[in-house]
Amino acid sequence: MKSDRHVLVVGADAELIAAVGGAVRGLRKVGFEVAGGDGVRSLSAKMSAAAAVVAEVDVHADGALEGFQRLAWTARDRRVIAAARDATGEQVRFLFRAGAADVLTGPFTPETLRPSLTDALQSAPEVGAMNGGVISVVKGCGGAGATTVALNIAALLARGDERRARPSRSTGVLDLDIQAGDAALALDLQPRSTMVDLLRAQQRVDARFVEGVMCDHASGLKLLAAPPTVVPLDAVTGEFALDLVEHSASMFERTIIDLPSAWTDWTLPVLSRSDLIVLVTAPTVAGAMGARRVLDALAEAVVERPVMLVLNKLVGLIDAFEKPARIGKSLEMGVDAALALDPAAVKASDRGELVVEAFPNSRLAKDLRPAAAKIDARLEALSSGLAFTEVAA
């Protein structure tokens, strides 16, 4: 049974499904849906449409607790109830730390589930609220130009393309490179407020607060600037980073996150929360090896998010033809965008401008426009429930 306001049941046996069904029958205008066991990626769209999630956790199975943690990371701002039969006190504490709104240890009956579901549904996000696409930009190696790519893509998404019938998107950029972020400098902005202001007021941060700290750029994007001074990476917690992403996704159709080169305790939660990961690397041996490390880390952590590979700073036509094929083969994935090494990028940067605006006819600008269109199209397709392989075809 499924209605507009419904509970998603994940990985449940017959007893738990029957208990959820009985519990929702006692709640007004609430239905439920049972999800198949197709993995985190296929559950993402269903979870984003649900008002709450009930997930069964087999505490005796290897990796089950960690699997729930990844599920909670992926659940966006939905409340997730863990049904963990016979869980120990230590396991219950782990599940709460992993993001569970409540933990039930059995027996599973409509009477034991209904209070938890009622609380979860009362705090569920409003039906129809904005739930924009989240794009995380990851650096494959130093000097790959990931920030340049991220900002120009953001500007192109914000502007849209009337000629190609691509609508403009409200776009927010989160510069989470809190030690070396220079997005504000690249945009020639002098923000009065930065990430520091949010860190100082963590208990009071909501979407309106975040928007007030962001600064406007002429392209139409809004930027959350990195701190002007060095801030310890552990000043940001996983919970705080995810809250920022959720607030941004509630305000903007597209959120682009510029992540630091160093992986932190909150990198994997943010990547798991993302709808699309854009991996930017250089067309060199070091770039290919760095990209391989990133892909291996994502696989090891079971971050089941689609990855787009961008090669930046290709020199000449031979490079543009040979290196994407060679590097793509070594990484066992296709290269989604090949961007030219263009002097216009340096000129635009020196002027505090974006290359797509300062030099729209440059080689790099011409490479960036189809890359932005591809990213937007994939997000649209993924939000419609298509598998990434279908989108990529």
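The values are calculated or read from the model by the stated rules, or taken from the named source; none is laboratory data. Because the structure is a prediction, the values reported are computed rather than measured. Ideal geometry is used to build each Cβ from the backbone, glycine not excepted, and the neighbour counts take in all protein chains shown. Keep in mind that these areas ignore ligands, DNA and RNA; they rest on the heavy atoms of the full protein, side chains included. Shrake-Rupley method; radii C 1.70, N 1.55, O 1.52, S 1.80 Å.
Things worth noting here:
- Taking the criterion of being touching a strand residue (DSSP E or B) at 6+ places or on another chain (Cβ under 7 Å) and β-branched (V, I, T), the residues of region 50-97 that qualify are V53, V54, V57, V80, I81, V92.
- Where L339 falls short, out of the listed (1) more than 27 Å from S170 (Cβ to Cβ); (2) over 18 Å from the mean Cα position of the chain (by Cα); (3) of a type in the set (A, V, I, L, M); (4) not in a helix (DSSP H, G or I): (1)
- R369 vs. criteria in contact with a Leu (Cβ under 7 Å, 6 or more places away or on another chain), crowded, with 16+ Cβ neighbours inside 10 Å and either on the phi < 0 side of the Ramachandran plot or in contact (Cβ under 8 Å) with a residue 40 or more places away in the chain (or both): yes
- Residue match in region 201-219 (condition: within 21 Å of the chain's Cα centre (by Cα), modelled with pLDDT of 95 or more and among the polar types (S, T, N, Q)): no
- When A301, A226, A235 are screened for being farther than 30 Å from F68 by Cβ and either hydrophobic (A, V, I, L, M, F, W, C) or surrounded by fewer than 23 Cβ atoms within 10 Å (Cβ to Cβ) (or both), only A226 passes.
- Residue check for A226: part of a loop (DSSP other than H, G, I, E, B), touching a residue at least 60 places away in the same chain (Cβ under 8 Å) and either among the polar types (S, T, N, Q) or closer than 27 Å to L354 by Cα (or both): no
- Among residues of region 239-252 being of a type outside the set (A, V, I, L, M, F, W, C) and surrounded by fewer than 23 Cβ atoms within 10 Å (Cβ to Cβ), the one that is farthest from L341 (Cα to Cα) is E239.
Here is a yes/no grid of residues against (1) out of contact with any Asp or Glu (no Cβ under 9 Å at 6 or more places or on another chain); (2) open to solvent by 50 Å² or more (accessible area, probe 1.4 Å); (3) not β-branched (V, I, T):
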{"position": "R254", "(1), (2), (3)": "no, no, yes"}
{"position": "D265", "(1), (2), (3)": "no, yes, yes"}
{"position": "V270", "(1), (2), (3)": "yes, no, no"}
{"position": "A286", "(1), (2), (3)": "yes, yes, yes"}
{"position": "G290", "(1), (2), (3)": "yes, no, yes"}
{"position": "A325", "(1), (2), (3)": "yes, yes, yes"}
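- Considering region 272-283, the residues that are within 9 Å of the chain's Cα centre (by Cα), open to solvent by less than 10 Å² (accessible area, probe 1.4 Å) and not β-branched (V, I, T) include one that is farthest from I178 (Cα to Cα), namely L276.
- Unmet requirement for I153, which otherwise passes all of (1) hydrophobic (A, V, I, L, M, F, W, C); (2) assigned to a loop (DSSP other than H, G, I, E, B); (3) modelled with pLDDT of 95 or more: (2)
- Count - residues of region 156-197 that are of a type outside the set (A, V, I, L, M), in a strand (DSSP E or B) and open to solvent by less than 20 Å² (accessible area, probe 1.4 Å): 3
- If you filter region 33-88 down to residues that are of a type in the set (K, R) and surrounded by 17 or more Cβ atoms within 10 Å (Cβ to Cβ), you find that the one that is modelled with the lowest pLDDT is R76.
- Filtering region 323-359 to residues that are of a type in the set (K, R), under 16 Å from K313 (Cβ atoms) and either touching a residue at least 12 places away in the same chain (Cβ under 8 Å) or touching a Pro at 6+ places or on another chain (Cβ under 7 Å) (or both) leaves K323, K347.
- A320 meets the conditions (1) open to solvent by less than 20 Å² (accessible area, probe 1.4 Å); (2) farther than 20 Å from L271 by Cβ; (3) among the aliphatic types (A, V, I, L, M); (4) free of Cβ contacts under 8 Å to residues at least 40 places away in the same chain in every case but one. The failed one is (1).
- Taking first residues from region 123-138 that are surrounded by 24 or more Cβ atoms within 10 Å (Cβ to Cβ) and partners that are of a type in the set (K, R) and at pLDDT 65 or above, the Cβ contacts under 8 Å between residues at least 6 apart in sequence or on separate chains come to V134/R273; I135/R254.
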